[in-house]
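J.: I have a structure I would like to understand better, so I am pasting it below and will then ask my questions one at a time.
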Amino acid sequence: MTAPDERHPVITPRRVRFDWSATPLHWIPGEPVATHFINVLHLLLPAGERWFVRVYKQALPLVADDPVLHGEVKGFMGQEAVHAYSHQGVLDRQMRDQGLDPRPLTAKIEWVFRRLLGDRPPLPVVPRRAWLNLRIGIIAGIEHYTAVLGQWILDARALDDAGADPVMLDLLRWHGAEEVEHRSVAFDVYQHVSGAYWRRFVAFFAGVIAMPLAVYFGAAYLCAKDPTLAGVRPRPRDYRRAVRKGLLPSNRFMVAAARRYLRRDFHPSGECSTRRAAEYLAVSPAARAVARAEPGRSGDE
C-alpha cells in the first residue's frame, strides 16, 4: 500500500448528514458532565469555523503565487464550512429538541468571532495586514489542537466501551479525521504570509489561553441549562475522573501538544497520521451513506 503524503494529502469537502432523532441528551451513558465537556465543541465550532472561512477568504489572494497551497486553502475552507453546518445541527436539533437551548451562549460566541476577532483591528494603530497575520497565526495554533484532538478521538476506544452514541461518535471522528487530513494548511498559510516566530508564539497563546476558560464556562452553562440535571456544576475532579476513564484528553496531553507546537522547527506534518484518518473516512457511516446516495459528488452542504 502506498504511504500517504503526510504534508500534502488531497483535501476534499465531503457531504455528510447526521440523524439526531435517536441520540440522547447525555450521549455518553451515565456521564452527563463528561458529555457536556465534549459538547462545548458544538458551541464553539459553528461560529469559529465560519470565522476561519471569513479570514481565509482574505488570505487566498496572499497565497495565489503558490498553486498547491492555494488549492489546499480552498479545500480547507470547504471542509470547515461543512464542519460548521454539521455541528450546528447538534445545537439546533439534538440539544434544543431535548430542552437544552444553547442560543443565549452561542450568540455571545458569535459576537466574539464577528466583533472582537472581526476584520477591524481592536486598536486603530494596528495595521490591517498585521491584524490579518495575527488572526492567521491564531488559526494555525487552533488547528494544531484540532488535529491532535482529532487523532485523540479517532483512537479513544474508551468512548466505545462506555457505550457512547454511535452517531455522535461518527460526527466527532469524521470531523477529527478531516482535521488530521488538513492539519498542515493553516500553518503553511501562516508561514507563507508571515512566518515570524515571535508572532506565532504570541498568536498561539492568544488562542490557547482562552481554550480552558471556554471549555469550563461552556460546560458550566450546559450543565446549568440541562433540564435533567439539578444544579450540577462541573468540577475539576469531574474532569480528572473522566480523564482516568479515557473519556477526555488529559492536561498533560494538551501541554505536551503546546510544547511541540512552540518548537522553532515544528511542522504539523510530523503530527498525527493521515493513514489513520483515511482509514476512518473510508468507513464513516455518514460519509459512506452520502457516497452511496450521491456517487461521485462531494462538497459543501
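J.: Roughly what would the spin-label model give for Phe205 and Arg114, points 7 Å off Cα along C-beta, in nm?
T.: 3.2
J.: Could you tell me the calculated FRET efficiency between Ser269 and Thr228, based on Cβ-Cβ distance and R0 = 51 angstrom, to the nearest 0.05?
T.: Step by step, r from the Cβ atoms, then E = 0.70.
J.: In region 150-189, whose amide N lies under 14 Å from the spot 7 Å out along Cα-to-Cβ of Arg7? List them in ranges.
T.: 184-185, 187-189
J.: DSSP H helices in the chain with Cα extent of 18 Å or more along the helix axis and mean Kyte-Doolittle hydropathy at least -0.5?
T.: Helices meeting the criterion: 32-59, 67-89, 128-155, 166-181, 210-225.
J.: Give me Rg/Rg_expected for the chain, where Rg uses Cα atoms only and Rg_expected = 2.2 N^0.38 Å with N residues.
T.: In units of the globular-protein estimate, the chain measures up at 0.97.
J.: Name the most mobile residue of His175, His144, His26, meaning the one with the largest mean-square fluctuation, in a Gaussian network model of the chain with Cα contacts below 10 Å.
T.: His26
J.: Could you size up the charge dipole of region 32-293 around its Cα centre, putting +1 on the beta carbon of Lys and Arg and -1 on that of Asp and Glu, and report it in debye to the nearest 20?
T.: Magnitude of the dipole: close to 880 debye.
J.: I've got another one for you. At Tyr197 and Lys57, where each label point lies 7 Å from the Cα along Cα→Cβ, what is the point-to-point distance in nanometres?
T.: That separation, rounded to one decimal, is 3.6 nm.
J.: Along the positive direction of the dipole of region 32-293 (beta-carbon charges: Lys, Arg +1; Asp, Glu -1; about the Cα centre), which of Asn251, Pro285, His36 reaches farthest?
T.: Comparing the listed Cα positions along the dipole, Asn251 ranks first.
J.: Still on this structure: Which FRET efficiency value, to the nearest 0.05, do you get for Arg235 and Arg103 by plugging their Cβ-Cβ distance into 1/(1 + (r/R0)^6) with R0 = 25 Å?
T.: 0.45
Every number in this text was worked out from the coordinates using simple rules, so none of it is lab data. Just so you know, these numbers come straight off a predicted model, no measurement behind them. Note that each Cβ is placed from the backbone with ideal geometry, even for glycine, and that neighbours are counted across all protein chains shown.
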